[in-house]
Each structure stands twice: as structure tokens, then as C-alpha cells.
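Here the structure comes first, spelled out in C-alpha cells, and everything after it is commentary.
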Amino acid sequence: MGFTWTIVAMIVVLAIAWRFLGAYMVSVYEGRTRWLSYIERPIYKIAGIDPDAEQSWQRYGASLIIFSGVMLLVGYMLLRLQGHLPLNPQHLPDVGPALSWNTIVSFVTNTNWQSYSGETTMSYLSQMGTLALQNFLSAAVGIAVAVALIRGFARKNSKTIGNFWVDVIRTTLYILLPIAFIVAIIFIAQGAIQTLAGPAHIHDLLNGVRQTIPRGPVASQETIKQLGTNGGGFFNANGAMPFENPTGLTNFLSMALILCIPVSLTYVFGKMVGHIRQGAAVLAVMVIIFGSWLAIGAVAEHQANPAVAAAGLSHQPTGNMEGKEVRFGDTSSAFYNITSTQTSTGSVDSANDSYTPMGGFAAMTGMMLGEVSPGGVGSGLYTILLFAIITVFIGGLMVGRTPEYLGKKIQAREVKLAAFGVLVMPITVLILTAVAVSVHAGRAGPLNAGPHGFSEILYTFTSVTNNNGSAFAGLSSNTAFYNIIETVGLLLGRFAIMVPVLALAGGLAAKNVVPASLGTFRTDKPMFIGLLIGVIMVVGALTFFPAVSLGPIVEQLSHGKFF
Amino acid sequence: MNRQFLLNLRRGFLVTVCFFVLLGIAYPLAVTGIGQAFFSSQANGSLTKNGSTLIGQQWNGPKWFQGRPDADDPMATGGTNLGPRSKTLVKDVKEQIALLKKERITPTPDLVTTSGSGVDADIAPVDAYAQVNAVAKARGLSVAAVRHLVSTQIHPAQFGFLGSPYVDVLQLNEALRTLR
């Protein structure tokens with residue numbers, strides 16, 4: 001019963017966000033929202049940015065790459081020097097080179113893979129000034145690229161697609177900061193911590209127990225980690241840790257924060273291209289895929305854990321509770337983790353590694369579809385639009401006419417760029433997984449034996465290349481091998497998709513609009529929605545079925561066997 | 001192109017610096033200020049004199065209600081990450097079942113599995129009721145009194161539907177201590 005009402009409440013919250021946050025975001029990108037201009041204008045002045053200057057896609061892309069490069073460099077240095085910097089009450093030493101590189105690449109690419117344990121590795125300055133800062137900026141960069149692509153569709157005969165600096169700064173100030181700030185206060189009221197006072201030392205006189213409890217500025221980081229679909233926790237246990245996610249309400253708000261921007265961006269898309277129905281069609285695809293995967297995940301986690309049953313406790317009315325928190329229960333935990341894996345967020349409120357085989361399958365394959373349902377902030381929308389281009393192309397092949405999408409002719413250049421953007425992820429995941437299982441350093445990683453051990457490796461590369469960041473966390477990934485090889489997936493999964501998207505945006509903006517005719521394939525109708533879902537499924541299944549068979553599928557089928 | 005590159009480099013660096021000050025420092029400090037001013041107990045970790053009500057701890061002996069069999073080390077949070085077909089998990093759960101049976105507690109799923117955080121402070125009402133007989137006997141209290149105490153300690157799902165009902169083990173044991 002509780003689960004049904006949770007879903008109903010989420011639909012209501014997201015419907016409101018879609019309409020109103022969506023409309024607000026449109027006004028931000030059209031420059032009509034100005035209530036923080038007393039902060040915005042000085043930043044332009046200091047950085048020497050002319051907010052009225054438009055950029056070509058090449059300039060836009062170059063600014064993006066350079067900005068990301070600067071953030072990598074600054075962040076890397078701050079982590080390497082953390083022992084010499086202030087706000088370090090635990091006197092933690094500098095972070096090592098391989099781990100610093102892995103961490104900063106992962107945060108700049110909006111992934112937040114955690115090879116480190118926050119509570120024993122990162123000073124408060126690193127958490128606030130490096131990790132949380134990247135939670136804002138990497139999210140803003142992702143949304144900027146999506147908005148640039150939308151402009152590509154919306155404009156005609158235009159040489160430019162917007163100004164990267166303006167898009168990033170306005171996204172951060174007007175959208176991310178206010179929401180993160182307000183919800184952070186609610187999180188604190190619920191029990192999330194927010195202090196600079198250092199660890200608490202406990203001596204329990206009832207019981208004689210002594211504990212050292214790490215603390216820090218958690219709530220402020222928690223809300224932006226969810227809102228920006230980043231996912232990196234202050235603590236190793238991420239959203240399962242009560243200081244990050246203390247109650248059922250914070251669990252719900254976390255999911256709402258994760259979903260609100262990716263969902264609202266479909267409104268922004270529809271509004272800016274002039275037909276809200278076009279955005280609604282894309283949203284429908286996202287909702288159908290998300291709902292299906294949520295059903296698999298929630299049903300799977302409501303089943304008994306096979307290992308617990310084999311140990312003699314087969315009656316598990318509350319589902320698989322290994323790796324889950326009592327205050328959330330089985331289905332709410334599954335809801336959270338499915339939300340996080342389908343949005344390239346990667347925060348977890350329960351241990352994915354201990355999910356039932358089909359629960360783990362749902363988490364893993366949700367990412368393998370390319371993070372489009374609804375995907376990360378910005379990245380979800382631009383990736384699903386790549387699939388939409390492939391879809392109208394296939395539709396065009398069927399009837400033998402030049403395909404169009406939103407009045408733009410889809411020609412060889414568009415199809416090549418979209419196909420490239422769609423294929424980067426699966427090729428990278430499969431090659432990196434093959435490398436890792438072929439070398440000793442890779443095979444040394446998994447905690448679990450048998451097919452689950454393979455799943456741990458496959459999950460890792462799926463997660464990093466999709467810029468998700470969640471893990472089958474049994475894998476010991478804080479080794480030089482994994483720290484370095486993961487960054488290949490992280491960087492390709494981010495920039496090898498963003499650059500073709502921007503090239504696409506530039507090309508589309510330059511085109512004229514062809515008026516719709518009777519023969520035009522309508523992209524706001526159920527036929528298109530079904531075909532787009534079909535294309536996403538076929539691409540995902542064709543590329544990943546063999547690999548998934550060796551992991552969760554074989555694990556599901558090995559009844560009575562333990563490894 | 002070269003000039004453009006240097007210009008962008010300068011912009012990138014200066015935007016990063018601006019946001020480092022605004023988002024990396026000012027934002028968390030402002031949230032800390034508001035949190036400490038209005039919700040100081042929660043912001044500091046919901047500490048009582050015997051520990052945090054949000055962080056689980058080990059309870060020794062049959063006189064106390066037991067939490068989940070977590071490591072309860074807040075400096076190393078996280079689950080066991082053992083998979084659903086792990087021999088190690090089968091062995092661990094078997095041992096935990098044997099331990100509970102020795103203390104005459106009927107095993108329940110939460111009491112034989114570990115949590116995602118490794119510091120779960122809570123158990124489900126059914127887990128607490130399963131321990132009532134054992135605790136009452138060890139303390140020489142009436143079963144009815146201990147059972148009633150448990151029923152007063154149940155936190156319902158928020159707004160009736162968010163999350164699952166639970167009992168906070170530290171709060172329960174603090175209340176148990178005063179029971180005569």
C-alpha cells in the first residue's frame with residue numbers, strides 16, 4: 001500500500017515540476033529570469049564574458065572542453081594538497097595520485113564513482129570545494145549541452161547555438177543553487193547533519209560501547225548530489241547512511257530531486273521547439289521504460305534472498321533485506337536504486353551488490369540502455385534525441401523518403417553523428433570489460449565468486465562509461481589498474497558523446513525548416529513513441545545480451561547453486 | 001585560435017574561482033549557519049548522551065534489545081556486498097540464526113541480514129517483538145510490560161506511506177532501562 005502511494009505522490013510532484021520548473025527553465029534560457037543578476041553580472045565582469053555574444057558549435061565545444069580541463073586541473077591539485085589546506089579537522093593526508101585522478105575525472109564527468117571512502121579520505125574542504133562544487137558545475141555543463149541541442153532544433157539558418165559560459169552560469173545560479181539550498185534545510189530538519197565540528201566521540205554508559213562518528217557539511221552536498229544527478233556520497237555507504245538520508249521523507253525527496261530536472265527538460269524541449277507535444281512524446285518514452293524497469297526491480301527485491309533462504313530462513317515477507325535499511329524497506333529501496341541507475345546518478349540507499357539476480361539485472365540494464373529514461377541532467381535528453389534521430393532515419397528507410405525531425409531534414413551527417421554518439425558507450429563498456437577480465441589486476445577485483453564476480457566487473461564499466469557512478473561495490477576498485485582504466489570510460493562516455501551532440505546542434509541550427517506535409521512522419525504520436533522504445537531496446541539488447549547472460553541471467557538460472 | 005584558447009582558459013579559471021567561493025565555500029557555510037541556528041540537534045548528528053539515535057551500535061548480552069548484525073563502525077560504512085548466491089552469505093546467516101536460537105529469539109529476516117549502511121540503528125517492530133520474551137526473562141520483567149514498551153516505541157511510516165515502520169534500538173533500550 002505504502003509503495004502505491006509513494007508512486008502516486010511521485011507522479012504528482014513530477015507533474016508539477018514538469019509544468020512549472022520546466023516553464024521556469026525556459027525563461028532562464030531565454031534570458032527573462034533575472035532575480036540573481038546582482039551575482040550573475042559580477043561573474044561575467046570578473047571572467048571577461050560578454051553575455052550577449054553567441055558562439056558557433058565549435059566555439060561552444062571548445063569552451064566546454066577547456067572549462068572541464070581547468071576544473072580537472074584545479075580539482076586534482078586541491079585533492080593532492082588537501083593535507084596542507086584548511087578545514088581538515090581529521091588531519092587527513094593528501095589523496096594519492098591515482099585516486100585523485102580517478103576521483104576528479106569522475107566528478108567532472110558528472111559520474112561520482114567512489115573508489116574512496118569519504119569519511120576516511122576527504123577533508124571538509126575537499127568535500128565542499130572540490131566534490132560538491134563539481135556536483136554543481138558538471139551538472140550545469142550537461143544541461144548546457146542539452147539546451148544547445150534544443151536550440152539546434154529550434155533555430156533556423158543560424159550559425160550559433162548559444163553561449164556556453166552564460167548557459168553554465170545561469171543554470172547554476174537560477175536552477176541548481178536555489179533548489180539545492182532550500183531542500184538542504186529540509187534534509188537537516190529531518191536529521192541529515194551539517195556541521196564543521198569534526199567527528200563526535202561517543203561513550204555509551206548503558207553498554208560500554210565507544211564510537212567515533214564522522215561528521216561534516218553533509219546536507220548541503222546531499223541535495224546537489226541528487227539534483228545534479230551526480231550521486232557521490234559524503235560517506236562510503238552513500239544514501240544508505242542515516243546522516244545522508246535519515247528518513248522515508250528524505251528518501252522520497254532524494255528521488256524527486258533526481259528526477260525533476262531530467263523530466264522537466266522534456267518540457268523545455270517541447271516549449272522551445274514550439275510544440276509541447278513533442279516534449280511529451282519523449283517524456284512518454286522515458287516514463288514507459290522507467291516504469292517497466294521499476295516493476296522488475298521492485299518485484300525482484302520483494303522476493304526472498306536465495307542465500308538467506310538456503311541458510312534456513314525461507315520465510316522473508318519483507319523481501320530481500322540483505323544490504324537494505326529497515327527504515328526504507330524493500331520496495332522503497334528498489335525505487336531509489338532504480339531511479340538512481342536510470343538517471344546516471346549512482347547514489348544508492350541499499351547495496352546493489354546484494355540485490356537478487358533480477359534486481360541487479362534491472363539496475364545494470366537500466367544503465368545499458370544509454371541512460372535515457374529519463375537519464376542524467378541534460379545527458380538524458382541529448383542521448384534520447386540521438387536515438388530519436390536514429391528512429392526517424394529507420395522510419396524514413398521503411399517508406400523510402402528523407403526523414404525529418406521537428407522540421408529539420410535528417411541527412412547523412414546527422415545520422416552518422418547520432419550513430420557515433422549512440423555506439424560510443426556500448427563499445428567502450430564491452431572493450432574495457434574484456435580487458436579487465438583478461439588481466440590479473442582486473443580479475444583480482446571482485447569480492448564475490450562465480451557469475452556475480454563477473455557482474456561486478458561488467459557493472460563497473462557500464463556505470464563509469466554511462467557516467468552513473470553506482471557500483472556492485474564488492475569490487476575492490478581502489479587499485480592503480482581500476483583507478484586508471486575507469487577514467488578511460490569516464491572521459492569517453494562524457495566527451496565522446498557531448499562533442500558529436502554539439503556538432504549535431506550546430507548542423508541543425510544552420511538548416512532551414514521544411515514545412516510538415518501529409519507524408520511527414522509525426523513524431524508526437526504513439527507510433528513514434530513505440531518505434532523509439534523499440535530502437536532503444538534493440539540497440540541495448542543486441543549489444544549487451546551476451547554479456548548480461550554471463551552475469552545476472554546465469555545467476556538467476558542457477559537454482560540451488562552457491563559460489 | 002591561440003588567442004581564443006588563452007581567453008577561454010582565463011575565463012574557465014576565473015569562473016571556477018568565482019564558483020569555488022560561491023558554491024564551494026559560501027553555500028555550505030550558509031546552510032551550516034541556518035542548520036545550526038534552527039535545527040542544531042539534527043545538524044550535529046542527533047546525539048544523546050549514549051550515542052546517536054541514527055547510528056547503530058553493538059548491544060552486548062540478553063538484557064538489551066539487539067539491532068541488526070552490522071559491524072556498526074561509523075568510520076567504515078557500507079554493506080557486506082555479498083551477492084544473492086554467495087556461500088559466505090549462507091554461512092554468515094547460518095551462524096546468526098544459530099546465535100539467535102541460542103538466545104531463544106525466533107530469527108527474523110532483519111535480524112539475520114546486515115544493512116546497506118553497516119550502521120542501521122533501527123529494527124522492524126516484528127524484530128523487536130521477537131526479542132521480548134528473551135529480554136523480559138533476562139531482566140526479570142513481565143513479558144506484557146516489555147511488549148507494551150515496544151509498542152510505544154514504534155515509529156510509523158511518515159505521513160502513513162513513506163518508508164517502513166521501525167523501532168530505534170537506542171531509544172528502545174534507553175526506555176527499557178527505566179522500566180521497573
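The values are calculated or read from the model by the stated rules, or taken from the named source; none is laboratory data. What you see is a predicted model, and the numbers here were worked out from it, not measured in a lab. Cβ sites come from the backbone with ideal geometry, for glycine too, and all protein chains shown count toward neighbours.
Here is a yes/no grid of residues against (1) under 19 Å from A:SER138 (Cβ atoms); (2) under 25 Å from the mean Cα position of the chain (by Cα):
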{"position": "A:TYR405", "(1), (2)": "no, no"}
{"position": "A:ALA412", "(1), (2)": "no, no"}
{"position": "A:ALA434", "(1), (2)": "no, yes"}
{"position": "A:GLY450", "(1), (2)": "no, no"}
{"position": "A:GLU456", "(1), (2)": "no, yes"}
{"position": "A:THR479", "(1), (2)": "no, yes"}
{"position": "A:ILE497", "(1), (2)": "yes, yes"}
{"position": "A:LEU504", "(1), (2)": "no, yes"}
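In the set B:ALA124, B:ALA134, B:ALA128, B:ALA144, which member is assigned by TED's automatic domain parsing to the domain that holds B:ASP72, touching a residue at least 40 places away in the same chain (Cβ under 8 Å), farther than 29 Å from A:ALA298 by Cα and aliphatic (A, V, I, L, M)?
B:ALA134
So which residues in segment B:69-97 are polar (S, T, N, Q) and either more than 7 Å from chain A (Cβ to nearest Cβ) or over 13 Å from the mean Cα position of the chain (by Cα) (or both)?
Across segment B:69-97, the qualifying residues are B:THR80, B:ASN81, B:SER86, B:THR88, B:GLN96.
Among the residues of segment A:23-68, how many are of a type in the set (Phe, Trp, Tyr) and touching a Gly at 6+ places or on another chain (Cβ under 6 Å)?
2
Cβ-Cβ under 7 Å, sequence separation 6+ or interchain: first residue in segment A:538-563 and assigned by TED's automatic domain parsing to the domain that holds A:ILE289, partner exposed (fewer than 12 other Cβ atoms within 10 Å of the Cβ). Which pairs?
none
In segment B:28-63, what residues are surrounded by fewer than 23 Cβ atoms within 10 Å (Cβ to Cβ), in contact (Cβ under 8 Å) with a residue 40 or more places away in the chain and facing chain A (nearest Cβ under 7 Å)?
Matches in segment B:28-63: B:ASN50, B:TRP59.
Take the residues in segment B:98-124 that are surrounded by fewer than 24 Cβ atoms within 10 Å (Cβ to Cβ) and of a type in the set (A, V, I, L, M, F, W, C), then tell me which one is nearest to the chain's Cα centre (by Cα).
Ranking the qualifying residues of segment B:98-124, first place goes to B:ALA124.
For segment B:16-39, check the following and say yes or no: at least one residue is within 23 Å of A:LYS324 (Cα to Cα) and assigned to a loop (DSSP other than H, G, I, E, B).
no
Kindly indicate the residue of segment A:71-110 that is within 19 Å of A:GLY493 (Cα to Cα) and within 14 Å of another protein chain (Cβ to nearest Cβ) and also surrounded by the fewest Cβ atoms within 10 Å (Cβ to Cβ) among those meeting that condition.
Looking at the filtered set, the residue picked out is A:LEU72.
Filter segment A:40-70 down to the residues that are facing another protein chain (nearest Cβ under 9 Å) and either closer than 18 Å to A:GLY507 by Cα or of a type in the set (Gly, Ala, Ser) (or both), then identify the one that is surrounded by the fewest Cβ atoms within 10 Å (Cβ to Cβ).
The extreme case among them is A:GLY48.
Could you please let me know if A:GLN194 is touching a helix residue (DSSP H, G or I) at 6+ places or on another chain (Cβ under 6 Å) and surrounded by 24 or more Cβ atoms within 10 Å (Cβ to Cβ)?
Here the answer is yes, as A:GLN194 does meet what is asked.
With segment B:114-180 as the region, which helices (runs of 4 or more DSSP H) entirely inside it contain at least 2 residues that are under 27 Å from B:GLY79 (Cα atoms)?
Of the helices (runs of 4 or more DSSP H) lying wholly inside segment B:114-180, those with at least 2 residues that are under 27 Å from B:GLY79 (Cα atoms) span B:125-130, B:169-177.
Among the helices (runs of 4 or more DSSP H) contained in segment A:398-483, which hold 3 or more residues that are closer than 25 Å to A:ALA503 by Cβ, out of contact with any Gly (no Cβ under 6 Å at 6 or more places or on another chain) and of a type outside the set (Gly, Ala, Ser)?
The helices (runs of 4 or more DSSP H) meeting that bar are A:412-438.
Can you say whether A:ILE289 is in contact with a Gly (Cβ under 6 Å, 6 or more places away or on another chain), more than 10 Å from chain B (Cβ to nearest Cβ) and of a type outside the set (Ser, Thr, Tyr), as far as the supplied structure shows?
no
Quick one: would you say B:LEU176 is more than 7 Å from chain A (Cβ to nearest Cβ), crowded, with 19+ Cβ neighbours inside 10 Å and in contact (Cβ under 8 Å) with a residue 12 or more places away in the chain?
yes
Only one of these conditions is not met by A:ALA219: (1) buried (at least 22 other Cβ atoms within 10 Å of the Cβ); (2) in contact (Cβ under 8 Å) with a residue 60 or more places away in the chain. Which number is it?
Going through (1) buried (at least 22 other Cβ atoms within 10 Å of the Cβ); (2) in contact (Cβ under 8 Å) with a residue 60 or more places away in the chain one by one, A:ALA219 breaks only (2).
Touching a strand residue (DSSP E or B) at 6+ places or on another chain (Cβ under 9 Å), within 11 Å of another protein chain (Cβ to nearest Cβ) and among the small types (Gly, Ala, Ser): which single residue out of A:GLY248, A:GLY208, A:GLY239 fits that description?
Going through A:GLY248, A:GLY208, A:GLY239 in turn, just one is touching a strand residue (DSSP E or B) at 6+ places or on another chain (Cβ under 9 Å), within 11 Å of another protein chain (Cβ to nearest Cβ) and among the small types (Gly, Ala, Ser): A:GLY248.
Condition first: assigned to a loop (DSSP other than H, G, I, E, B) and either in contact with a Gly (Cβ under 8 Å, 6 or more places away or on another chain) or buried (at least 24 other Cβ atoms within 10 Å of the Cβ) (or both). Now tell me which residues in segment A:308-328 satisfy that.
A:THR318, A:GLY319, A:ASN320, A:MET321, A:GLU322, A:GLY323, A:LYS324, A:GLU325, A:VAL326, A:ARG327, A:PHE328
How many residues are touching a strand residue (DSSP E or B) at 6+ places or on another chain (Cβ under 7 Å) and within 13 Å of chain B (Cβ to nearest Cβ) when one looks only at segment A:120-168?
Summing the residues that are touching a strand residue (DSSP E or B) at 6+ places or on another chain (Cβ under 7 Å) and within 13 Å of chain B (Cβ to nearest Cβ) in segment A:120-168 gives 3.
Kindly establish whether A:LEU177 is closer than 25 Å to A:ILE65 by Cβ and surrounded by fewer than 24 Cβ atoms within 10 Å (Cβ to Cβ).
yes
So A:ASP330 clears everything in (1) facing chain B (nearest Cβ under 8 Å); (2) in contact with a His (Cβ under 9 Å, 6 or more places away or on another chain) except one condition, right? Which one?
Unmet for A:ASP330, out of (1) facing chain B (nearest Cβ under 8 Å); (2) in contact with a His (Cβ under 9 Å, 6 or more places away or on another chain): (1).
Do you know which residues across segment A:7-58 are part of a loop (DSSP other than H, G, I, E, B) and over 23 Å from A:VAL145 (Cα atoms)?
A:TRP35
Which one of these is under 22 Å from A:ILE427 (Cβ atoms), in contact with a helix residue (DSSP H, G or I) (Cβ under 9 Å, 6 or more places away or on another chain), touching a residue at least 12 places away in the same chain (Cβ under 8 Å) and small (Gly, Ala, Ser): A:GLY469, A:GLY474, A:GLY506?
A:GLY469
When residues of segment B:6-15 are filtered for being surrounded by fewer than 21 Cβ atoms within 10 Å (Cβ to Cβ) and within 7 Å of chain A (Cβ to nearest Cβ), how many remain?
The number of residues fulfilling the criteria is 4.
Before we move on, is B:VAL132 surrounded by fewer than 24 Cβ atoms within 10 Å (Cβ to Cβ) and of a type in the set (Val, Ile, Thr)?
yes
For B:LEU100, work out the one condition from (1) at the interface with another protein chain (Cβ under 8 Å from one of its Cβ atoms); (2) over 30 Å from A:ILE39 (Cβ atoms); (3) hydrophobic (A, V, I, L, M, F, W, C) it doesn't fulfil.
Status for B:LEU100: all satisfied but (1).
With the structure loaded, tell me whether A:GLY118 is small (Gly, Ala, Ser), touching a residue at least 40 places away in the same chain (Cβ under 8 Å) and either in the same structural domain as A:VAL28 (by TED's automatic domain parsing) or surrounded by 24 or more Cβ atoms within 10 Å (Cβ to Cβ) (or both) or whether it fails that test.
So A:GLY118 fits the description; yes.
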